[in-house]
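Report on the following structure.
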Amino acid sequence: LQDSTVIIMLSHVCLCVDCHPVCLQCLARQAKERNIKCAVIVPDFTDPFRLSLLSPALGVDCLVQLSFFDWWDAVETMSVPEHVLVEHPELVGMHFVAQTSKECVAGDATVVDEILDELGDIDTIVVPYGFGSFSCGSGIVVKARSPKTRIVAVEVSTSTPYRNALTAGKPHKCTHTPSFVSQIGGLQALPTLWDQVKESNGLIADSAIVDLDQVAEAIRLLKTNHGVIAEGAGAAPLAAALSGQAGTGKVVCVVTGGNMDTSMMADIMLGATPEAGMPIPLFDDLLNTDLPTATEEERACSGLMAGNGIAQQEATNGEN
């Protein structure tokens, strides 16, 4: 950290939403201890619970919500667009994108490292594919410790940037439809991580694709059979395994998060599948296209609501 504003990009599609906000909180606290201003930018439909984790008390001096396209441009280029800086001069400084950093990839890799320690010989590990840091970290560990183990990266049918990149041989833009599975997906695989993913030499075997009904059913099974509350991205690996896309043998599904609005969880447990939002259309130049303001229903579909999130966080803190 230097004597400048620290810009942190927080993703609504991050693979481990229980972890990345903690990473951001730690950086914000470090900035606060050094009297460095800390600004956070998020897409405009980030759910209230994640926003509640980024308070001034933790060292966050400024929270700026950008249109989805402006935010995505900032993440892809690791710099804030010039027209955004004109409107928000407080965002001038050092840029840090948690999900694309080497430290994040290394941290994600420890999860698979622990799985191999506990379970030994594994045929397939199924992980959700968001930005690619978790898939990349998993591939690195498996390549070093268990070359016979396959990594299957899961996407939801409403947004398949990894499958599109596999087909095209490079990052390729795809249609992104917001849904209750809000922690994975995006406009395209990030080039900064795609090169590392390709270097895994085939250990990331494929991109399994599941639909929203399959994810909802996996959420119900996790809660009914194991008492586990999983968010959409966390349940996607199980949905892929149940559909047969993970193959046979010893299969491990990584459940990466449990941020779920209680009313949405209740609907899913009653057999419903929350509807997807309106697709974000593709244009020749996405970054120059204005994103319509999200409705309250679309915001509700993006993840955990503030009241329920705070209650769940307090309950978790009490248990800890």
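The values are calculated or read from the model by the stated rules, or taken from the named source; none is laboratory data. Predicted model, so just to flag it, every value in this text is computed and none were measured. So basically every Cβ, Gly included, is an ideal-geometry build from the backbone, and we count neighbours across all protein chains shown. Side chains are part of the model used for accessible areas, which takes the heavy atoms of the whole protein and leaves out ligands, DNA and RNA. Shrake-Rupley method; radii C 1.70, N 1.55, O 1.52, S 1.80 Å.
Some points to look at:
- Residue selection: T149 satisfies the criterion of being open to solvent by less than 20 Å² (accessible area, probe 1.4 Å) and of a type outside the set (D, E, K, R).
- With respect to (1) open to solvent by less than 60 Å² (accessible area, probe 1.4 Å); (2) farther than 29 Å from D123 by Cβ; (3) in contact with a Pro (Cβ under 7 Å, 6 or more places away or on another chain), the lone exception for A236 is condition (2).
- Sole exception among (1) in a helix (DSSP H, G or I); (2) open to solvent by less than 70 Å² (accessible area, probe 1.4 Å) for K143, by number: (2)
- When each of V181, V197, V152 is tested for being touching a Leu at 6+ places or on another chain (Cβ under 8 Å) and among the β-branched types (V, I, T), the lone residue that passes is V181.
- E298 vs. criteria at pLDDT below 95, of a type in the set (D, E, K, R), touching a Gly at 6+ places or on another chain (Cβ under 7 Å) and assigned to a helix (DSSP H, G or I): yes
- Filter result for the condition that a residue is farther than 20 Å from G185 by Cβ, of a type outside the set (A, V, I, L, M) and at pLDDT 90 or above, over D121, D117: D117
- Residue check, S179 of a type outside the set (K, R), outside any helix (DSSP H, G or I), in contact with a Cys (Cβ under 8 Å, 6 or more places away or on another chain) and under 24 Å from L242 (Cβ atoms): yes
- With respect to (1) open to solvent by less than 20 Å² (accessible area, probe 1.4 Å); (2) under 16 Å from the mean Cα position of the chain (by Cα); (3) over 21 Å from T77 (Cα atoms), the lone exception for A189 is condition (3).
- Every condition in (1) under 30 Å from S263 (Cα atoms); (2) among the β-branched types (V, I, T); (3) free of Cβ contacts under 8 Å to residues at least 12 places away in the same chain holds for T167 except the one numbered (1).
- Scan of the stretch 114-144 for residues that are hydrophobic (A, V, I, L, M, F, W, C) and within 12 Å of the chain's Cα centre (by Cα), ordered by number: V127, F131, F134
- Condition met for T167 (hydroxyl-bearing (S, T, Y), at negative phi and loosely packed, with under 15 Cβ neighbours inside 10 Å): yes
- Among residues of the stretch 114-140, those that are surrounded by fewer than 17 Cβ atoms within 10 Å (Cβ to Cβ) and part of a helix (DSSP H, G or I), counted: 4
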